[in-house]
Every structure is written in C-alpha cells, then in structure tokens.
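The values are calculated or read from the model by the stated rules, or taken from the named source; none is laboratory data. In this text, all values refer to a predicted model and were calculated from it rather than measured experimentally. Using ideal geometry, Cβ is built from the backbone for each residue, glycine included, and neighbour counts are taken over all protein chains shown. Heavy atoms of the whole protein, side chains included, go into the accessibility calculation; ligands, DNA and RNA do not. Shrake-Rupley method; radii C 1.70, N 1.55, O 1.52, S 1.80 Å.
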Amino acid sequence: MSSATLASKTFDADDQAAFARLSGDVNPLHMDPLAARRTQAGTTVVHGIHAVLWALDRLVESGAAGAGIASLKVQFAKFIPVGGTVALKLVRRDDRSIRAELALGALTTTILNVGLGQRRKGEAGETRDGPAVGLGDRPAVLARPEEAAGLSGSLDTAGPARSVASRFPHAVASMGPERVAAVVLLSSLVGMVCPGLHSIFAAFAVDFTDAPGSGLGFGVTGIDDRFRMVRMAVRGAGVEGSVQAFMRWPPVAQASMSEVSKLVAPDEFAATTTLIVGGSRGLGALTAKVIAAGGGKVIATYARGREEAQQLAGEIRGHAPKGTCDIIPYDARRSPAAQLDALATGVSHLYYFASAPIARQKEGVFVPDLFDEFVQVYVKGFHDCCRFLGERGSLTAFYPSSVFVGNPPQGMLEYAMAKIAGELLCDGLNRAGGRVRVTVERLPRLLTDQTATVPPVDAGDPLEVMLPVIRRVQSTTFDQG
C-alpha cells in the first residue's frame, strides 16, 4: 500500500516538558530517563497523545481533514523515543475517513483512523461519572489490575482548553478547544490516574459530539488479568468513547540483603575482591549482595544509575563490615584504563553484567548498527576489561550468556549473535592460557527489568539461579587450578 509523507517531527525534551505542562501527565516514562530505563521502553518516550494531536494538526493544516473530524480511533503500536523523528504518512483517504500512520523509518508506531463529516448529537451538558480528580505531581500507583475495578471520576478540561490553541492551532480551529483539551487529558487519565505510574497507553476510540462541557468523565468498564489490560469509558467535553491501557509490571526488586544473608555463610567468599560491571541493579546488584553477604569485598560499577548504586551500597553497608562495598562509575564502551586505574586493591574476580537495552523496536530482520552496538558492549567491552585487569594480576571472570542464543526470540537476532561472539571470545581467552580464566553460563530467562513483559512470561528466580553460579565462580582461582 503506497502512502504519502505529509510532515515529520523530532520530539525533543522541550516538547516533552511543554506537553507535560499542558496535560499534567508527568509520568516518569516520559520525563525521567533513569526511571524510564527500568521499563519496557528502556528510555523516555513521547506522550502518545502529543504525537496524535500533532498529526491531527498537520492533517487539518494540509486540507486532508477539511470535511471536519467526527471520530478518531488510535492504536499505539510502538514507543516513540524522545529525540526520535517520526513521519506522518497519509495511507488512505476518501470522503468518509482517513487512515494515517506515524513511523520511525519503516517502523509504524501509531495508527490513526479519522472519521470525517458532521459530529453526531450528544447529550446536553457535561457528564461526570464520579468525583473530580485533581492531577498532582506524582502518578497514582496501582500494582494489580483489580485495584482499578470500579474507579471513576472526572477531569477538568477548562485549564488545557485555554492553552491548546497555541500548540495545536489547526486542530482547535477544526474541533474546538474543549474537544482538543479532552483528547489532551486522555494522556493524564492513563499516565496519572488509571493505571497511573505503571501504565502503557494501548488504544482509544472516540466520537466527537456537539455537546461540549468542562468535564471529561471516566469509569473503568473492564479488566483483563491475562494481559493486565484496563478498559475505560469516557464522556464529556464533546467526546464520547473508550480507552484501553496496559498495566505494566513495576520495576523488579531483587532479593534483599536480609534474604541473601540467610542463604550465604558469612565467610564463604572471604579474601576475594570482586569487580561487578553493571552492578547498580538487576543481576549485578544481586551478585554484589551475595558476595558481600559472604564476606567478600565488592566494587560495583554504574554507567548512569548513580542513585541506584548508592542505594545498593547503603543496603550492603547496613549488613556487612565497613569497606565491604565501593561504587565507581564505569562505561563499558570506553577504555578501562582511566576508569579502573585508581582501584586500590587487586581484583580477583570479575562479573560482567554491562548491558544495553535488549528488546528493541527495529526495522527488518537484521540491523547492522544495532549489532555493532551490542558487540561494543558484550564483546569488545568485556575483552578490554579482562585484558586490563589481567595485566595487573590473575583474574577469574564470569560472562553471562543467554539461552536466547540457541533460539533467539523474534526481534533479538542481533543480541543473540553478539552473545555468541562473546562466548567465542571467552573460549579464546581460556585457550590462550594467560592470566584470565572465564566461566560462561547460558542463563535462563530471569525476572529482571529487561525481561518483565506485558503480558507476563515465565521467568526464573534470579537468586535461585545465580547463587550456585556465584559459588562456582568464586571458588575458581588460579591457585586451585
């Protein structure tokens, strides 16, 4: 199917801030890079409603929607990362409807079906399905879909209605400020109210009516536990229809020091100094806790998550002797010499949990640039770190591979290929007979931020899987042959 590109736009941080002020949607998925990296997106993403209203504004401006907009159905298929450039493509147009898409290259992110013509009659006056809901500076926190059952209320469109014309002038001229404001507030409904903090906007379908008002009423109409899906009805301010949103899993909390200490003898890993690259969260943080609980000294690195690393160190220091845990910044993409030269003590063990976001939105079966990025982290970064530490003394290293290399999930070919290359590197290091000995383990799917999905997929318990691996690695030294 051929399509014509009408416009393109790069949504930057200033766009994010402006739409957050307009809508009240300050969900960390859109605004906080550190929090967003612990979601399926792996980075901050554009408010979906912002992208939709920009597209509507362009469609009206181009004359494609000159007959008037009577209805709008939208499916959010993929995330739009902040800084990404999307193209608005007109796929089909007739007298009654428009089909348009937003795309990152060849990857469709958003599908819009715009109904053209006269708006239908609506009930007189505004509709409020429950008490007025104010938008604070933090999203609501719902941990389970059933917590949304019965939720209802209304959002005030008056504030956004006063400001929408400056950002979406053509859409406002066609639809009126109240209706555009009501669409704006769909973003806050999902991102701030229900499901709130742990939300992903899936889709919405609305008719535009001739009964505007200042309140957008909403009410939860259904919950699907299998897919953690919440459905809501919306009505008021010249809008009537439905909204669908996923409730994603909260960030994965690994076992605490208290839990770990019950399973590890206090001197089990004594007299070892372990560098954990990528130790601020996930399997790296869990490994740091295990080794520290066993009496070993831990140096945990972080690339961006300094606060997370500090929290880890604080938790370890609360259960272990002083000096057990240090944290340092480390970027696996850079030379280790300047970053690790200041280590005060010799490192006996290395765990390499440096990672890049694994599940990527991409075009085609194989993306060379993505493969190069993975090789930089999972192969070259590991090699350089081992070589630097091996020049200072004997080193036992752990390289976490994955069962995915044997059967790559769809979309993860580049990741699997890079991990296979990493395994070959480890075999080469061991065959070289130098001062570096590497243990490789193809880990099963474990519950971490990288693997938490909607809908849920079976994943192993990280502590149950990693504890015997850590014991095997820590017991391996050159002196023991």
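Put a dot 7 Å past the Cα of Q118, heading toward its Cβ, do the same for R96, and the two dots end up 1.6 nm apart.
Between A270 and R304, the contour length at 0.36 nm per residue exceeds the Cα-Cα span by 9.3 nm. As a length-normalised measure over Cα pairs under 8 Å and 6 or more apart, the relative contact order of segment 151-195 settles at 41 percent.
Compared with the direct C-alpha span, the chain from R387 to T476 gains 30.2 nm at full extension, assuming 0.36 nm per residue. Label separation (S335 vs Q311): 3.5 nm, computed from points 7 Å beyond Cα along the C-beta direction.
Sorted by packing (mean other beta-carbon atoms within 10 Å per residue), highest first, where do 202-208, 439-445 land?
202-208, 439-445
When the surface is traced with a 1.4 Å probe over the full set of protein chains, T39 keeps roughly 10 Å² accessible. Among residues other than R96 with Cβ under 15 Å from its Cβ, the summed charge is +3 (Lys and Arg +1, Asp and Glu -1). If the chain linking F366 and R442 were pulled fully straight, counting 0.36 nm for each residue of separation and taking away their Cα-Cα distance, it would gain 25.1 nm.
Have a look at the DSSP beta bridges in the chain and tell me what percent are antiparallel, nearest 5.
Restricted to the chain, the bridges split so that about 70 percent are antiparallel.
In this simple spin-label model, placing a label point 7 Å from the Cα along the Cα-to-Cβ direction at both D137 and A173 gives a separation of 3.8 nm. Taking 29 Å as the cut-off for C-alpha to C-alpha distance, list the pairs among K73/K419; K362/K419; K262/K322; K9/K73; K322/K419 that go past it. Cα-Cα > 29 Å for K73/K419; K322/K419; rest within. Residues in segment 423-428 carry Karplus couplings, in order, of 4, 5, 4, 4, 4, x Hz; the curve used is 6.51 cos²θ - 1.76 cosθ + 1.60 with θ = phi - 60°, and Gly or Pro positions show x. Ligands, DNA and RNA aside, S3 has an accessible area near 60 Å² when probed at 1.4 Å.
Across the chain, C-alpha contacts under 8 Å between residues 6 or more apart give a mean separation that, scaled by the residue count, equals a relative contact order of 12 percent. Within the straight-line cut-off of under 15 Å between alpha carbons, the aspartates and glutamates reachable from K89 are D57, E61, E101, sequence neighbours fewer than 8 places apart in one chain being disregarded.
Can you give the net charge of the other residues whose Cβ lies under 12 Å from the Cβ of D225, counting K and R as +1 and D and E as -1? Net of charged neighbours comes to 0.
Assuming R0 = 45 Å, what is the FRET efficiency of H319 and D32, from their Cβ-Cβ distance, to the nearest 0.05?
Efficiency for this residue pair is about 0.95.
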